[in-house]
Structures are given as C-alpha cells and as structure tokens.
Amino acid sequence: MLAMKTPEPMPVEVSRDAFRNAMSVLAAAVNVVTTDGPAGRAGFTATAVCSVSDEPPSLLVCLNRNASVYETFCRNGQLCVNTLTAGQQALSNLFGGKSSMEERFATAQWSTECTGAPLLDDALINFDCRISNRVAAGSHDILICEVVAVRQQTSGDGLIYFQRGYCNAAARS
C-alpha cells in the first residue's frame, strides 16, 4: 500500500489592506484606556481589549510600540479600561486623535480607585488594572492586566466599532 504524503501548506500572504478590511467586520467595544503615575497622565482609544482569565481576573490591551503614550503606560505600570457608552463617540475621537493630554482629560469627569489611573465617571464599565506582563507581537505589545477593581453602570447602551463606524449596542431587557 502506498503511503500518501500530506502536502506542505503553502504560505499565504495576506496584504495589510485585506487584513484591515477583514478586521473591520469584527465588531468591538470602544474603550478609552488611561494611566497616571510617575511618568504622567495619558490615554488612548482602543478596541483591542479582551478578557484573559477570570481567575485571577485579567484582561489584555494591545498598544502600538510607536504610540506617543507607549512609554508612559509602561513606566506607570497601571491602567484603567473605560468602556464607553453609546453617547461618547466624541470622547473616543478625541482620545484617538492628536490632541494634547490636557484637552483629552478636560472634556470629562474623572476619579480614581486602587491604582490611581483615571476612571471615566460615566463609562459603562471601568476596569482598574495593574500591568502584570508585556508580550511583544508584531508592532504592538500585549499588556496583560490584573483587574483590581471594577465599576459598572446599572444601565446604558455600549459603543461598538463596526465596519469603520460607530454603532450602539442596545442593552437587553
């Protein structure tokens, strides 16, 4: 009996544009990720956030190593993931743009919990975290974050990014 040899898989080259187009249909919650500490206060808009484990409670945040806020987040060692509500598109755009940190933080009300990272008072959810590990992947670092406190609104719709635009995620009743 002849043994059939399994063919080697052919490497597939996926273009940057094809990948970005495919990712545009992967809906994601919109978050403003903030930090404060010895390196200063900073924040950016992110959709690359997801849970890692519930024991211990942890999540990941992807941060481009070329981002202007990269060193600030690494040196501070803590952050807060502020999940935005349906009415906070302007805040998302502000934190995702080139405005100064002073302008970004002046447009909303902030408080702090355990880590000292800014928590957006009217966010849908706040995850106050300590960065426990960083893993390099391509152009980004994956920040593994231990969740030390959570605040959650009792009602409200979430802000979702889908097909290069904002959508509302209506709360179920």
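Structure data summary
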| quantity | calculated |
| --- | --- |
| Hits in the stretch 84-108 - residues which are surrounded by 21 or more Cβ atoms within 10 Å (Cβ to Cβ) and of a type in the set (Val, Ile, Thr) | Thr85 |
| Residue count, the stretch 145-167 (criterion: of a type outside the set (Phe, Trp, Tyr), open to solvent by 70 Å² or more (accessible area, probe 1.4 Å) and under 18 Å from Cys50 (Cβ atoms)) | 3 |
| Pairs where the first residue, in the stretch 65-91, is within 18 Å of Arg104 (Cα to Cα) and the second is assigned to a strand (DSSP E or B) and among the β-branched types (Val, Ile, Thr), C-beta under 6 Å, 6+ apart | Phe73/Thr35; Leu79/Val33; Leu79/Thr35; Cys80/Thr34; Val81/Val33; Val81/Val49; Asn82/Val32; Thr83/Ile125 |
| Test: Ala171 is open to solvent by 40 Å² or more (accessible area, probe 1.4 Å), of a type in the set (Gly, Ala, Ser) and more than 21 Å from Ala67 (Cβ to Cβ) | yes |
| Top-ranked residue of the stretch 11-41 - restricted to ones that are among the polar types (S, T, N, Q) and under 24 Å from Asn82 (Cα atoms), ranked as surrounded by the fewest Cβ atoms within 10 Å (Cβ to Cβ) | Ser24 |
| Residue within the stretch 139-150 that is in contact (Cβ under 8 Å) with a residue 40 or more places away in the chain, assigned to a loop (DSSP other than H, G, I, E, B) and closer than 23 Å to Asn168 by Cα present | no |
| Set Gly77, Gly97, Gly37: member being out of contact with any helix residue (DSSP H, G or I) (no Cβ under 8 Å at 6 or more places or on another chain) and on the phi > 0 side of the Ramachandran plot | Gly77 |
| In the stretch 112-144, residue most open to solvent (accessible area, probe 1.4 Å) [restricted to those that are touching an Asp or Glu at 6+ places or on another chain (Cβ under 6 Å) and hydroxyl-bearing (Ser, Thr, Tyr)] | Ser132 |
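The values are calculated or read from the model by the stated rules, or taken from the named source; none is laboratory data. Just so it is clear, the structure is predicted and the values come from calculations on it, not from any experiment. When we count neighbours, we look across all protein chains shown, and the Cβ atoms used for this are built from the backbone with ideal geometry, even at glycine. The area values use the complete protein model at the heavy-atom level, side chains included, leaving out ligands, DNA and RNA. Shrake-Rupley method; radii C 1.70, N 1.55, O 1.52, S 1.80 Å.
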